Amino acid sequence: MRRLAPRSLRTVLPGVIADAGPQTLLARVQTLWPEVAGAALAAATAPVAEREGALTVACESSLWAHELELLQRDVLDRLGTALAASGGGSVESLRFKVGSLPNRR
């Protein structure tokens, strides 16, 4: 058996990390959310649940929930494009709930 030369972590780690994460639609949406929503919106909101194409987004205030309601069509379009580029899946509607956001890293 022939041994392969060692590879650097820089080349191996990205693939390992990508394979280690959950492969659910919600996990993909959570990963894409900062890119789709933008920095300000992503800081005040977080996708927390998905069921049958309906995505629930937690908002830190009713003001952000209202803002997302107004931007819903645009957010759904951008999310659909990002999901198609990252492996598929679709979100048909958004639902908003006001409350504390899940713990952030």
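The values are calculated or read from the model by the stated rules, or taken from the named source; none is laboratory data. Because the structure is predicted, anything quoted here is derived from the model rather than measured. Positions of Cβ are backbone-derived with ideal geometry, glycine not excepted, and every protein chain shown enters the neighbour counts.
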(Q) So, in region 47-70, how many residues would count as being closer than 20 Å to THR81 by Cβ, surrounded by 13 or more Cβ atoms within 10 Å (Cβ to Cβ) and in contact (Cβ under 8 Å) with a residue 24 or more places away in the chain? (A) 4
Q. Do you know which residues across region 26-63 are farther than 17 Å from ASP77 by Cβ, in contact with a strand residue (DSSP E or B) (Cβ under 6 Å, 6 or more places away or on another chain) and in a helix (DSSP H, G or I)?
A. LEU26, GLN30, SER62
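Taking LEU32 as the residue in question, decide whether it is in contact (Cβ under 8 Å) with a residue 60 or more places away in the chain, under 19 Å from PRO102 (Cα atoms), buried (at least 16 other Cβ atoms within 10 Å of the Cβ) and within 10 Å of the chain's Cα centre (by Cα). Even if it seems obvious, please write down each step before you answer.
Values: in contact (Cβ under 8 Å) with a residue 60 or more places away in the chain: no; under 19 Å from PRO102 (Cα atoms): yes; buried (at least 16 other Cβ atoms within 10 Å of the Cβ): yes; within 10 Å of the chain's Cα centre (by Cα): yes.
Taking the combined requirement at face value, the residue does not satisfy it.
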Q: Starting from region 80-105, take each residue that is within 14 Å of ALA54 (Cα to Cα) and list its partners that are part of a loop (DSSP other than H, G, I, E, B) and of a type outside the set (Gly, Ala, Ser), counting only C-beta distances under 8 angstrom and pairs at least six apart or across chains.
A: GLY80/VAL91
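Give the residue that is surrounded by the fewest Cβ atoms within 10 Å (Cβ to Cβ), with candidates limited to residues of region 71-105 that are in a strand (DSSP E or B) and not hydroxyl-bearing (Ser, Thr, Tyr). So that I can check it myself, show each step before the final result.
Taking region 71-105 and keeping what is in a strand (DSSP E or B), we get 93-98.
Next cut, not hydroxyl-bearing (Ser, Thr, Tyr) only: 94-98.
Numbers: LEU94: 18, ARG95: 16, PHE96: 18, LYS97: 11, VAL98: 13.
Here the residue is LYS97.
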Q) When you look at ALA27, is it closer than 15 Å to PRO102 by Cα, surrounded by fewer than 16 Cβ atoms within 10 Å (Cβ to Cβ) and out of contact with any helix residue (DSSP H, G or I) (no Cβ under 8 Å at 6 or more places or on another chain), yes or no? A) yes
Q. Conditions: (1) at pLDDT 95 or above; (2) within 12 Å of the chain's Cα centre (by Cα). GLY38 meets all but one. Number of the miss?
A. (1)
